[in-house]
Amino acid sequence: MPRRRHHHQQSVAAITDSVSLAAADMGAIIGPAAAASSGKARRVRRAVHRRCSPEQSSPTPPPRRAPGRPPAPSCGPGASPKTQAIGARNRTPLRGSDHRTSSSARPLADGRSPSLSRPLADGREEGVWGALVEVSSFLWEVSFASEPILAGLGEPNSLAHGGKAKSCQRRVRGKLAADPNVWAARHHCSAGDRNIGHLQTNSANRVVAPQYACNNEDIDESSAKGLRSAESYAKANEMLIRVKVLGTKKTFWRLSDKATRISRKLALILRSHHAVGKYLTAPLQVSNVWIGSSGYVKLRDVSFTNNHFSIERVRDDYKHLSKVLQALIRISGGDTTKLPPDYKEFLTLLRGDTLTMKDEFLIVNNSALLPMKNRTEVFLMLYDRIVTSLGREPPGRAKKKRILSKLPYKNNWLETAVANKQINQWVVKKIQYKRTPLDLLRLNRNVRSHLHRYNDDDIEEILYCEWPELLMVMVKMLHVEGELEGTDIQNKFG
């Protein structure tokens, strides 16, 4: 058996073994869906062994061709080891092309291009390469099908097996990283062109959706127990609440934690469908939203389509979402003119005419949607990112300088801190604060790092009421500088 072909068979066998193990682990975590994938793993294994069996290869080198006889075939049982080696060496997939034979491959004497496989009647390919394509297809389906399940989209108890599931997902994707040619076979492009991020835009500015899996469980057409219409829910639950700013005589209007949870859940539903190139066929209405007692959200009487998908369709979805959120606040008795500044900025982002696909990460991980109890952890994480991590190298220091220059409250933040009796406990003579953006961050960091020194469990709400735009600008600027996705902010909304 030719060495190159034997090497490919060993690689395929190793990959399929890992596929079977990964699918088995997935089956224990995500149930019937992964069990079906496990069955597909067995079918792929049989296909691999069938296509790479000794009957498909030449056990002995073919005899030399006598003068005047036709040349040996370029693939299949009669192919010589040298011809197959030439085919493997010249087989470079082309980006954006349906065929997989490089234009640089030299044709053989019989006019065909050398390769390790030949097309079958149903469009698939025979041989090692066809087997690799099937294996890589299965790997990607298992990997991405598990993604929305692992994310949970904010549902309670959805990450009970998170550690094991994520480990299994890393194992599956690790096989792809180990063999870039397998990934290239799946996506018909060169290994150096891999891009598994958000939607890509080609030279014609046409949005192209990668192979993500959306969560269809977010669309509920039944009368499931515990769900009520959004209008009924809003009437029974105040979404915009008025709180007293401790340490002062002021009051402040902010969103309830249930309101921010509903806002983020709706944004997540839209984003999950946008990620697979789908958008709403009709504008989102309040009547389409159904809410559970704990704040989880379902949609009814809606449908998504991929016809004529574009960034304009994505923007339209978010514009309608903005209208729905404001309507729910008004139904609950709130005055939309009294919204906190960070939530106003969030709604402005939803209505933006320059919204890009990358901005969807900022939408679903917006600081205005954070539960109050999680704001401390997020601030400390972003403080370390800006002040410590970005300050180590010259490029990072430039980003840090730009972020600090955009922070609000430059002129009066120290006076605000002194005027609040609760915050003033940290403004002591031992620590000299200057009227600079960096010292504004330092003060907020010091207060949050010693929350229980003065037995004040409400200090986070006080900091938010006094400087509601501070964390918002930190998140926004990290997004602008391309640093936000490197943080763990997406896991701070539970």
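The values are calculated or read from the model by the stated rules, or taken from the named source; none is laboratory data. What you are looking at is a predicted structure, and each value in this text was computed from that prediction instead of being measured. Note: ideal-geometry Cβ built from the backbone for every residue, glycine included; neighbour counts use all protein chains shown. What goes into the accessible areas is simple: the full protein's heavy atoms, side chains included, and nothing from ligands, DNA or RNA. Shrake-Rupley method; radii C 1.70, N 1.55, O 1.52, S 1.80 Å.
General remarks:
- Some residue of region 275-286 being over 21 Å from LEU370 (Cβ atoms), loosely packed, with under 15 Cβ neighbours inside 10 Å and among the hydroxyl-bearing types (Ser, Thr, Tyr): yes
- Flag if LYS249 is in a loop (DSSP other than H, G, I, E, B), out of contact with any Lys or Arg (no Cβ under 9 Å at 6 or more places or on another chain), open to solvent by 30 Å² or more (accessible area, probe 1.4 Å) and within 29 Å of PRO408 (Cβ to Cβ): yes
- Which numbered condition THR354 fails, given (1) in contact (Cβ under 8 Å) with a residue 60 or more places away in the chain; (2) part of a loop (DSSP other than H, G, I, E, B); (3) polar (S, T, N, Q): (1)
- Every pair of residues 6+ apart whose Cβ atoms lie under 9 Å, when the first sits in region 393-418 and is more than 17 Å from GLU469 (Cα to Cα) and β-branched (Val, Ile, Thr) while the second is assigned to a helix (DSSP H, G or I) and open to solvent by 30 Å² or more (accessible area, probe 1.4 Å): VAL418/ASN424
- The helices (runs of 4 or more DSSP H) found wholly in region 367-450 and carrying at least 3 residues that are charged (D, E, K, R) occupy 394-405, 437-449.
- Those residues of region 306-348 which are among the hydroxyl-bearing types (Ser, Thr, Tyr) and part of a loop (DSSP other than H, G, I, E, B), in sequence order: SER310, SER332
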